[in-house]
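J.: Can you keep this structure in mind? I'll have questions shortly.
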Amino acid sequence: MRHFLNPLKIFVALGCLSAVLSVLVLLGFLIQSSLPFWQAFGIQVLWGDAWYPYESLFGFLPAIVGTVWALLIAMIIALPCGLAAAIVSSEMMSETWRDLVRVGMEILAGIPSVVYGLIGLWVLLPFLQHSLDLLTGHNLLAAGMILSLMILPTIMVMSQDALQAISQEQRESAMSLGLDWQQRLFRVLLPQAWPGIRSGILLALGRALGETMAVMLVVGSMDRLPEPFYNILEPAQTLTSRIGREMGEASFGSLHFSALMGCGLILAVMAMGLSLLAQRRSLIR
Amino acid sequence: MNLSHKAVPEPIEGSQKNVGHAFDSLCCEHLYLHLSNQIILKDVSFSLPEKGITSLIGPSGAGKSSLLRCITGLNETWQGDIKLNQQRLRQWHGGVDALRKHIGLISQKPSVFPVSIAENVIFGLSRKQRKQNQSRWIQHCLEKAALWDEVKHRLNMPAASLSLGQQQRLCLARALALKPSMLLLDEPTASLDPRSKELIEASLRQLAESMPLLCVTHDLQQTQRLQGQVIFMCDGKIIETGSCGDFFEHPERIETREFLQWSVCDCGD
């Protein structure tokens, strides 16, 4: 009995319980507040392509597609850059330079997202507009590029940590077998660092998924599907930018409000899916 | 090293060209090493015979492990001359990575890769060689390292599932898979149980019949068991060299006598 009444254990148990409860409460709140919308329109709105709240048309597909495209573009840019930066700083730089790069990345990670949005607005959009000869620089490419800059530090820092965690004995064993630099990288370092790199990627995806302000400023907020579907040079919409832009206009308790809470629910489910994916291995164990 | 005897299997495609000559296998001349403004090695000169065990002994900080790191190219800032089979290490054809395939290095702490036992053995082979069936070569290397009987039914198990002593023998098999010209061992049995120690020593004695072995050790009893030559180092210098019997029975230098005296006291404690 004394075993269970240990104050530290009670404290830890309450902490764990509150973590689980807050997730359940969050999900419950989103479901409850979006329930009127789901009851009125059903889940077919997930593949509807028109979003006119004042005509009671709620199609989620353009925002879902926009979100996926923005994530994809961000990952295509940030993953190779972040991984390469981690490899170079971890394996080739002296400790002083490595620390300097890391400090730079941590500063980059700490910059408020609205600053990224403003940089995108004033630098990236005019650049894209002029260099690609577009009517406007607001598009999915700009959103993806800004997001990539924002998630780069997460990928880089977590990959660097994962690479640094590999023991010197492993490196020297590989060297003493005559493996060259590339072989050591691809056969020893990256496979062993992969769990950490994967966690970095999924955390970065989570951040990109939930990012609102910077994306809202550059994506163009146009509720339509890209035509053709791979056209990333047109203004588009993401789930977060829709919520950010329209929540102020929706009256509390209206269907529009419920629909926006539905967008939040979809985002939460996507983020939880990513998180579960990150934990998949440990869950299986 | 001659592993090309007709009864002995070869790795498919051959892992490297033999560079064996009937000369001193390894020759260090006037070797100096400075690290962080400290002199680690001072005018170290010695040569190893074509085969047999040479024990490198001395107190901690004498520069024994640093010497091994210089020979394997893990430390490249040394000055002087090191030759392997009459070929200068600095001018080794193919660079330091190619050189390391000729010099097997076994560290104090076994470090196996997180793959299967069989994959660990052939880890140093080229991709083309690894893709071919190397089962006979794996068996041969594991037999040489006295590990085959213990792992023959679980070659596909993770190497990390082996005991520390077995992992060390796996590292030995992994080094042997590259058909090295010589083996360098840095306290290979320091953290192992007596049984593993005995097995590794037996493997080393057998290997020493066909190649030179340079073994750093703090265990003077092990040095006596292994026989062969002895090099005694202190403060980055070679103090005395000689055969095992002469070294222990008739040490010439006062430093050697003191070291042996202290070591005997330590053993007595």
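J.: Where in region A:45-160 are the helices (runs of 4 or more DSSP H), entirely inside, with at least 1 residues that are among the β-branched types (Val, Ile, Thr)?
T.: It comes to A:61-91, A:95-110, A:113-119.
J.: Just give me the residues in region B:131-160 being touching a residue at least 40 places away in the same chain (Cβ under 8 Å), surrounded by fewer than 16 Cβ atoms within 10 Å (Cβ to Cβ) and charged (D, E, K, R), in sequence order.
T.: B:Arg136, the sole residue that qualifies.
J.: Hey, among the residues in region A:173-225 that are under 12 Å from the mean Cα position of the chain (by Cα) and among the β-branched types (Val, Ile, Thr), which one's nearest to the other protein chains (Cβ to nearest Cβ)?
T.: Among those residues, the one meeting the criterion is A:Ile201.
J.: Under 24 Å from B:Glu119 (Cα atoms) and either within 14 Å of the chain's Cα centre (by Cα) or at pLDDT below 90 (or both): which single residue out of B:Ala208, B:Ala175 fits that description?
T.: Working: B:Ala208 fails: under 24 Å from B:Glu119 (Cα atoms).
Selected residue: B:Ala175, the only one of B:Ala208, B:Ala175 that is under 24 Å from B:Glu119 (Cα atoms) and either within 14 Å of the chain's Cα centre (by Cα) or at pLDDT below 90 (or both).
Residues checked against (1) within 22 Å of B:Leu74 (Cβ to Cβ); (2) at pLDDT below 85; (3) of a type in the set (Gly, Ala, Ser):
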| residue | (1), (2), (3) |
| --- | --- |
| B:Leu183 | yes, no, no |
| B:Lys197 | no, no, no |
| B:Glu201 | no, no, no |
| B:Val230 | no, no, no |
| B:Met233 | yes, no, no |
| B:Ser243 | no, no, yes |
| B:Pro251 | no, no, no |
| B:Gln261 | no, yes, no |
| B:Asp266 | no, yes, no |
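J.: Quick check on this structure: which one of B:Arg195, B:Arg154, B:Arg169 is among the charged types (D, E, K, R) and closer than 27 Å to B:Asn85 by Cβ?
T.: It is B:Arg169.
J.: Let me ask another. Among the candidates A:Gly120, A:Gly110, A:Gly104, single out the residue that is over 30 Å from A:Glu172 (Cα atoms) and surrounded by fewer than 17 Cβ atoms within 10 Å (Cβ to Cβ). Working first, answer last.
T.: On the way: A:Gly120 fails: surrounded by fewer than 17 Cβ atoms within 10 Å (Cβ to Cβ); A:Gly104 fails: over 30 Å from A:Glu172 (Cα atoms).
So the residue among A:Gly120, A:Gly110, A:Gly104 that is over 30 Å from A:Glu172 (Cα atoms) and surrounded by fewer than 17 Cβ atoms within 10 Å (Cβ to Cβ) is A:Gly110.
J.: Can you tell me which of (1) more than 14 Å from every other protein chain (Cβ to nearest Cβ); (2) in a helix (DSSP H, G or I) is the one A:Leu233 doesn't meet?
T.: (2)
J.: Any idea which of (1) part of a loop (DSSP other than H, G, I, E, B); (2) within 14 Å of chain A (Cβ to nearest Cβ); (3) among the small types (Gly, Ala, Ser) is the one B:Ala146 doesn't satisfy?
T.: (2)
J.: Taking the condition of being within 16 Å of B:Gly61 (Cβ to Cβ) and at pLDDT below 90, how many residues in region B:215-228 meet it?
T.: The qualifying residues number 1.
J.: Among the residues of region B:79-104, write down those that are within 14 Å of chain A (Cβ to nearest Cβ), in contact with a strand residue (DSSP E or B) (Cβ under 8 Å, 6 or more places away or on another chain) and not in a loop (DSSP other than H, G, I, E, B).
T.: B:Leu84, B:Leu89, B:Leu99, B:Ile103, B:Gly104
J.: Among what's in region B:105-126 and is more than 7 Å from every other protein chain (Cβ to nearest Cβ) and touching a Cys at 6+ places or on another chain (Cβ under 9 Å), pick the residue that is surrounded by the fewest Cβ atoms within 10 Å (Cβ to Cβ).
T.: B:Val112
J.: Which residue is surrounded by the most Cβ atoms within 10 Å (Cβ to Cβ), if the candidates are limited to region B:48-74 and must be within 14 Å of another protein chain (Cβ to nearest Cβ) and under 27 Å from B:Gly242 (Cα atoms)?
T.: B:Cys70
J.: Every residue in region A:58-104 that is closer than 30 Å to A:Phe37 by Cα and in contact with a Phe, Trp or Tyr (Cβ under 8 Å, 6 or more places away or on another chain), please.
T.: A:Phe58, A:Gly59, A:Phe60, A:Leu61, A:Pro62, A:Ala63, A:Val65
J.: So, one more: Return the only residue of A:Leu132, A:Leu163 being under 14 Å from A:Ser89 (Cα atoms) and touching a residue at least 24 places away in the same chain (Cβ under 8 Å).
T.: A:Leu163 is the lone residue from the list that is under 14 Å from A:Ser89 (Cα atoms) and touching a residue at least 24 places away in the same chain (Cβ under 8 Å).
J.: Determine if region A:28-38 includes at least one residue that is under 30 Å from A:Phe229 (Cβ atoms) and of a type in the set (S, T, N, Q).
T.: yes
The values are calculated or read from the model by the stated rules, or taken from the named source; none is laboratory data. Only a predicted model underlies this, so the values are computations on that prediction, with no experimental measurement involved. With ideal geometry, Cβ positions are generated from the backbone for all residues, glycine too; neighbour counts draw on all protein chains shown.
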